[in-house]
């Protein structure tokens, strides 16, 4: 099970404006060049799987997930990790403890018509994607800034309460990741599109991190040190 609890004070940054400018620069670069066709298609596949769940009936899942993945600037491996996490949670991703914070948060897809349940799903997906991002990266100050910029009020209290309620649902399952990849990989090869060899990528990921976890038990997140975003 992932250790997704966080410690340490709120991130101290040079200025909010400087962090926002830096995030926007990275975001523009991601959307214009790093958000690949394969990532897009993987997100589409994930949303198609989720849309079959009764909890997602009537939710514009694909459009919400595209926005979430772009905001967290997720690469293909991170998107695959997100898919596996959502399946481990059986797509039961909303929790009543978040209800008081949803309307106060910035809407990341303001042009998309959403009812209350869709807003809950969007809010929860954003938090889950954030966990995946900090779990798979050493440097995540920009994403820490962004999540706090979106969820401005009482972020620490909300996050800690939510994590305590759902942390048992966060499990890293390489076999599930591989199943998702194989299904996606088959469809992509049928279309004559080349995609990254995730089997090799995941194997390399395990080799790099084999001192900190096994396939049966995901690693504990290192003690969270809020790092100031660079100029």
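None of the figures in this text is laboratory data; all of them are computed from the coordinates on show. Note that the coordinates shown come from a computational prediction; the quantities given were computed from them, not determined experimentally. As a convention, Cβ positions derive from the backbone with ideal geometry for all residues, glycine included, and neighbour counts pool all protein chains shown.
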Residue 154-residue 106 pseudo-label distance in nm [points 7 Å out on the Cα-to-Cβ vector]: 2.1
Given a cut-off of under 8 Å on Cα pairs at least six residues apart, what relative contact order in percent is computed for the range 75-160? 41
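Classify the range 16-173 as rounded, prolate or oblate from the Cα gyration tensor: take a ≥ b ≥ c as the square roots of its eigenvalues, call it rounded if a/c is under 1.5, otherwise prolate when a/b beats b/c and oblate if not.
Numbers: a/c = 1.32, a/b = 1.09, b/c = 1.21.
The shape class here is rounded.
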Peptides 139-149, 34-44: what's the order by average Cβ count within 10 Å, highest mean first? 139-149, 34-44
Would you please state which residues of the range 129-166 a label at residue 31 would reach in this model, taking the label point 7 Å out along Cα→Cβ and a backbone N cut-off of under 11 Å? none
Residues in the range 68-102 reached by a label modelled at residue 20 [backbone nitrogen below 18 Å; 7 Å Cα→Cβ]: 71-72
Based on the Cβ-Cβ distance of residue 90 and residue 164, what FRET efficiency does E = 1/(1 + (r/R0)^6) give at R0 = 25 Å, to the nearest 0.05? 0.80
